[in-house]
Amino acid sequence: MSDTGDPESVVKRGDDVDYEPVDAAEGLSKGVLLDESDGAPNFAMRRFELAPGAAVPRHTNAVEHEQYVLAGEYVVGIGDEERPVSPGDALLIPAGVEHWYRNEGDEPG
């Protein structure tokens, strides 16, 4: 933020994003693209990568998730349904709905 309190724009290069392992699942890493530290107090944009053979266990979240698949193919479970997803697919997972992920492929998803 500037001294005047006006919001400032942010352009963060992909190479400047640090990725770290996520404790919830082996083979899952996360990079924070934008969040409150960038001046977005009500928004977080993150990029996750799920390694081949890795899975994220069933869980719920207090807030909805909007997701966009950038690369790879994997299975996402939402509620009592499983669906394969691939690049270009978009997902909406409502708050409080159980969901999980499984990468059965040979490349990261």
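Read-outs throughout are calculated quantities, based only on the coordinates presented, and are distinct from any laboratory measurement. Quick caveat: nothing in here was measured; it's all calculated off a predicted structure. In this analysis, Cβ positions are derived from the backbone assuming ideal geometry, glycine residues included, and neighbour counts consider all displayed protein chains.
What the table below lists for this structure:
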| quantity | calculated |
| --- | --- |
| Gained length - A95 relative to D35, 0.36 nm times residue gap less alpha-carbon distance | 19.7 nm |
| Inter-label distance, nm, simple model (7 Å from Cα along the C-beta direction), D106/H59 | 3.0 nm |
| Reciprocal mean inverse distance between Cα atoms of the chain - Kirkwood radius, Å | 15.3 Å |
| Modelled FRET efficiency - R0 22 Å, V69 with V17, Cβ distances, 0.05 increments | 0.80 |
| Cβ-based net charge around A71, under 12 Å, with every Lys or Arg adding one and every Asp or Glu removing one | -3 |
| In order through region 35-47: 3J(HN,Hα) via Karplus (6.51 cos²θ - 1.76 cosθ + 1.60), integer Hz, x for Gly, Pro | 6, 4, 5, 9, x, 10, x, 10, 8, 9, 10, 10, 10 |
| Whole-angstrom gap from region 80-109 to region 34-67, using each part's C-alpha centre | 13 Å |
